[in-house]
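> Once you've had a glance at the structure underneath, I'll fire off some questions.
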2 protein chains.
Amino acid sequence: MIAENSQQSSDIVDVMRELGAAAKAAARVLATATPAQKNLALTAAADHLLATSNDILAANAKDIAAGHAKGMSAAFIDRLTLDHDRIASIAKGLRAIAELDDPVGRIIATIERPNGLKIERVRTPLGVIGVIFESRPNVTADAGALCLKSGNAVILRGGSDSHHSSRAIHAALTAGLEQAGLPKTAIQLVPTTDRVAVGEMLMGLDGTVDVIVPRGGKSLVARVQQEARVPVFSHLEGICHIYVDKSANLAMANEIVLNAKMRRTGICGAAETLLVHKDIAAGTVPALCKTLAAQGCSILGDVPVCAMFDDATPATEEDWSTEYLDAIISVKVVDNIDAAIKHVQHYSSGHTEAIIAEDKSAVDRFFAEIDSAIVMHNASTQFADGGEFGMGAEIGIATGKMHARGPVGVEQLTSFKYLVHGTGQTRP
Amino acid sequence: MIAENSQQSSDIVDVMRELGAAAKAAARVLATATPAQKNLALTAAADHLLATSNDILAANAKDIAAGHAKGMSAAFIDRLTLDHDRIASIAKGLRAIAELDDPVGRIIATIERPNGLKIERVRTPLGVIGVIFESRPNVTADAGALCLKSGNAVILRGGSDSHHSSRAIHAALTAGLEQAGLPKTAIQLVPTTDRVAVGEMLMGLDGTVDVIVPRGGKSLVARVQQEARVPVFSHLEGICHIYVDKSANLAMANEIVLNAKMRRTGICGAAETLLVHKDIAAGTVPALCKTLAAQGCSILGDVPVCAMFDDATPATEEDWSTEYLDAIISVKVVDNIDAAIKHVQHYSSGHTEAIIAEDKSAVDRFFAEIDSAIVMHNASTQFADGGEFGMGAEIGIATGKMHARGPVGVEQLTSFKYLVHGTGQTRP
């Protein structure tokens, strides 16, 4: 039995390495594919998605039935479920990505040297991207399309719970690639749901994978961050802070906090902690907490907050570093902006923080001293999103400092090379 | 004895973690240090270097004596040796870095959104950089200065062979930092030469090290690439190719090949392989090989080259993937540009390649299909250098595709964050 398992594992290793080699070969073709070719693949894939939507829904029905049989939660089943509208929206997403500017080949810097050398820094694809996701089958299309647009081959590894759905969507992408004369292996879906496959991807498939993007919950991201031996674009969590300075426009603070916490509580840009300057706490905290509570938000407060708002529960030390992804907020009164900055520096996950203030010097300090991927002034943290940043679409948000930081769109999925134009120069 | 060793190891682990924590704290201060402050630290360090040059030479004499006692090679002793001129040149290097534009805080992109949000992408320091180097004591100053200029704290780990010299140079840097009111821990030199310290740095010192830069020979770089659990800016080798197209200006090809191979044979941008189009081979290869041989270069050739040039030695398969760093070149005749591109794609180390051609379509194909950090047209591969690219100075050349690629100067030692300027926007 053990022998059989290790035989299976070694088969999976072989399968995965073949996927890696095929992706690398496809990446070479994609690197010089024209924008028109890539865009045709995307729009044709959108057509195929719509044309095969009944097949996709039939495949999705199998996944849903299996989910019910396993007693999955309603929220889980909802994430998994496709219908004609959702398929139409996926197809629309593919067309929107086709319409983005093509990043590959764009000159991002030019250097003219005294010796006449002209040096251009030009965007190139990264190569091969591994995307590991969970139950949402639409990631197959979204991630596949972003990687293709940026000239990268992609290896998609979806969760076993959505495997039939992902496979059906993947078939439409493959048809689009074929129609555009691009290699089918530009977008590959891992054919096995065995977890050994994930481990192999994290090891880089024999040097063929250039970066891994995990799309899913904290445990997936944590495993990827822990085990990956190739670079990872990811954020583990979004413990987003809002600091309301004593100079804040209080009506504005009220609206922004409400929006940042309650618009959608389950996204990474949702606020988790509210810090309020002590000078305005008495005039702000009770009203703000009341409005939040009226919308169904639980308030966890430090001692002053609990004294000002009866329905607040005392916050524990752990609460300041917890991403609730729910209608819960931790509220703390701070002595001054120094204390606010210190708190953020200590507890932040490096995702998004906001200051609400009218005093420019407070804003300048917050902007200079907070080193998160996104730092905002007088705006809701829920704007932390590639679409809202004008990137068209994002494959995720990164909190690392290397290469990509903040929303990861098609530009962030590229590298660059230097092209040096000479006229016979030799180095003295 | 074993117990004692592991006690020592655990002491070193503690020391290294303290270094990491101190560097992280210093990085926070450096991130908001003014350009004037950082530049003062650099110019003051240059002054201290000159003022203490006798101490530095005395320290260096100890390293040299130990090197002789160990029977080190003349080349090794030369790399290790300092004199008043070399110290003056190190000091000059510090002043040159002070004069570079400060990258931190520079706005590198601005996005205006329809809702009035103004989003700026602004350069930030990376944080903490670990530099692991070998025998050249000047790296202490060069690398320390580049990291400081880019707002990063640095942990320097020099080779045991140059430890006294590095320590003396480091003292001058520390004096400069103190004079500028910056934390001494902004530039730390690992106080032990135990190899356990390197292992700890490669593991990231408890999440405090953001990137590792190895400076040294292939075995050091290979170990770092293999073992590091944090990102690495490096190149393992520079197997640089020159392809002479049938459209080449042959006189230019001659000069460039000679320069690319022979100007300095020991640098990573030196050419290792020459590919010549078959249509011009008979008219080019014998003369080129003769000129190279006259300058002391050994020729390894494929069958046609050996037939054309009597003094050529048959090249083995291994030769095409060997970085000689010496007066040796591998020469091959190729059927066409496709064969040249295929050869480069197969054997290249991703560093620098050049095409010599007058035919624009050949150049375009070479530029599009060769995915090395630097691709040149009608110029010597020896220009692959941060200084020659106008970056002022470089900490090394990277062949990875993530974050930094090609010469790594102060800009490449930065990350970025997004600053979002709002006027009360909430997300609908």
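> Could you tell me how far the Cα centroid of region A:1-79 sits from the Cα centroid of region B:203-267, in Å?
Using only Cα atoms, the two centres lie 37 Å from each other.
> Relative to the compact globular guide of 2.2 N^0.38 Å, what is the alpha carbon radius of gyration of region A:106-257, as a ratio? Working shown, then result.
Working: Rg = 20.5 Å, N = 152, 2.2 N^0.38 = 14.8 Å.
In units of the 2.2 N^0.38 Å rule of thumb, it is 1.38.
> Could you pull out the trypsin sites (Lys or Arg not before Pro) across region B:245-309 that fall in loop regions by DSSP (anything but H, G, I, E, B) with no more than 16 other Cβ atoms inside 10 Å?
The qualifying sites are B:Arg264.
> Here's something else I'd like to know. Below 8 Å, C-alpha to C-alpha, sequence gap of six or more: please give me the relative contact order for chain A in percent.
Contact order relative to length: 18 percent.
> Let me ask something else. Just want to confirm a number: the relative contact order over region B:353-428, from Cα pairs under 8 angstrom separated by 6+ residues, in percent.
Dividing the mean separation by the residue count of region B:353-428 yields 21 percent.
> Determine the relative contact order of region A:240-388: mean sequence separation of Cα pairs under 8 Å and six or more apart, normalised by residue count, in whole percent. Mind showing how you got there, number by number?
Working: 279 pairs, mean separation 50.5, N = 149.
Computed value for region A:240-388: 34 percent relative contact order.
> Between B:Ile267 and A:Gln8, what is the spin-label point distance in nm, taking each point 7 Å from the Cα along the Cα→C-beta axis?
Placing both labels 7 Å along Cα→Cβ, they lie 5.7 nm apart.
> Within region B:41-139, list the trypsin sites (Lys or Arg not before Pro) lying in a DSSP loop whose Cβ has at most 15 other Cβ atoms in a 10 Å radius.
In loop regions of region B:41-139 (DSSP not H, G, I, E or B), the sparsely surrounded trypsin sites (Lys or Arg not before Pro) are B:Lys70, B:Arg106.
> While we're here: What are the ³J(HN,Hα) values, in whole Hz, obtained from phi via the Karplus relation 6.51 cos²θ - 1.76 cosθ + 1.60 with θ = phi - 60°, for each residue of region B:186-202 in sequence order, with x given for Gly and Pro?
5, 10, 10, 10, 4, x, 10, 9, 5, 5, 4, 4, 5, x, 5, 4, 5
> Then there is this: Two-decimal Rg/Rh of region A:313-428 from alpha-carbon positions, Kirkwood Rh? Walk me through the numbers before you get to the answer.
Working: Rg = 19.7 Å, Rh = 17.1 Å.
With Rh from the inverse mean 1/r over Cα pairs, Rg/Rh is 1.15.
> Output wanted: per-residue J couplings in Hz (rounded whole) for region A:132-137, from phi through Karplus 6.51 cos²θ - 1.76 cosθ + 1.60, θ = phi - 60°, x for Gly and Pro.
Running phi through 6.51 cos²θ - 1.76 cosθ + 1.60 with θ = phi - 60° gives 10, 10, 10, 8, 6, x Hz.
> Considering only region A:240-388, what is the antiparallel percent among its DSSP beta bridges, to the nearest 5?
0
> Now for a separate question. Counting only Cα, what are the radius of gyration and maximum Cα-Cα distance Dmax of region A:240-388, in Å?
Cα-based Rg and Dmax for region A:240-388 come out at 13.5, 41 Å.
> Which distances, shortest first and in nm, link A:Asp364 to the matching position in the other copies, using label points set 7 Å out along Cα to C-beta?
So the label point of A:Asp364 gives 5.1 nm to the other copies.
> Which three extents, in whole angstrom, do the alpha-carbon atoms of chain A cover along their principal axes, largest first?
Dimensions of chain A along the principal axes of its Cα atoms: 72, 66, 44 Å.
> Can you quote the Å³ per residue value for the convex hull of the Cα atoms in region B:191-279, rounded to an integer?
Dividing the Cα hull volume of region B:191-279 by its residues yields 127 Å³.
> Something else now. Taking the DSSP beta bridges in the protein assembly as shown as the whole, what percent of them are antiparallel, to the nearest 5?
25
> Rounded to whole Å, give me the distance from the Cα center of region B:309-373 to that of region B:374-400.
With region B:309-373 and region B:374-400 each reduced to a Cα centre, they are spaced 18 Å.
> Ok, one more. Could I have the simple spin-label model distance between B:Val303 and B:Ala287, label points 7 Å from Cα toward Cβ, reported in nm to one decimal?
Each label point is offset 7 Å from its Cα along the Cβ direction, giving 2.7 nm.
> Just to be sure I understand: of the beta bridges DSSP finds with both ends in chain B, what percent are antiparallel, rounded to 5? Show your work: numbers first, answer last.
Numbers: 16 of 54 bridges.
If I count the DSSP bridges inside chain B, around 30 percent turn out antiparallel.
> Per DSSP H run of at least 4 residues, take -39500 (n - 2.57); add these up for the protein assembly as shown, divide by its residues and hand me the 222 nm value, nearest 500 deg cm²/dmol.
It lands at -14500 deg cm²/dmol.
> Measure off 7 Å from each Cα along the Cα-to-Cβ vector at A:Ile108 and A:Asp359, then give the distance between these two points in nanometres to one decimal.
Reported label-point gap for A:Ile108 and A:Asp359 is 3.8 nm.
> Using θ = phi - 60° and the Karplus relation 6.51 cos²θ - 1.76 cosθ + 1.60, list the HN-Hα couplings for region B:20-30 in order, rounded to whole Hz, with x at every Gly or Pro.
For region B:20-30, the Karplus curve yields x, 5, 5, 5, 5, 5, 5, 4, 5, 5, 4 Hz.
> How big is the C-alpha Rg of region A:1-137 next to the rule-of-thumb value 2.2 N^0.38 Å, as a ratio?
Numbers: Rg = 21.6 Å, N = 137, 2.2 N^0.38 = 14.3 Å.
So the Cα radius of gyration is 1.52 times the expected 2.2 N^0.38 Å.
> Once the cut-off is 50 Å, how many percent of the Cα-Cα pairs in the protein assembly as shown end up in the long-distance tail?
Percentage above 50 Å: 23.
> Note down the net charge around B:Lys24, summing +1 for each Lys or Arg and -1 for each Asp or Glu among other residues with Cβ under 10 Å from its Cβ.
-1
> Which pairs, out of A:Lys149/B:Lys401; A:Lys290/B:Lys24; B:Lys218/B:Lys401; A:Lys417/B:Lys246; A:Lys38/A:Lys417; A:Lys118/B:Lys149, put more than 29 Å between their alpha-carbon atoms?
Long pairs (Cα-Cα over 29 Å): A:Lys290/B:Lys24.
Any read-out appearing in this document is the output of simple, stated calculations on the displayed coordinates, not a laboratory observation. This is a predicted model, so every value here is computed, not measured. Please note: Cβ atoms are built from the backbone with ideal geometry, for glycine as well, and neighbour counts cover all protein chains shown.
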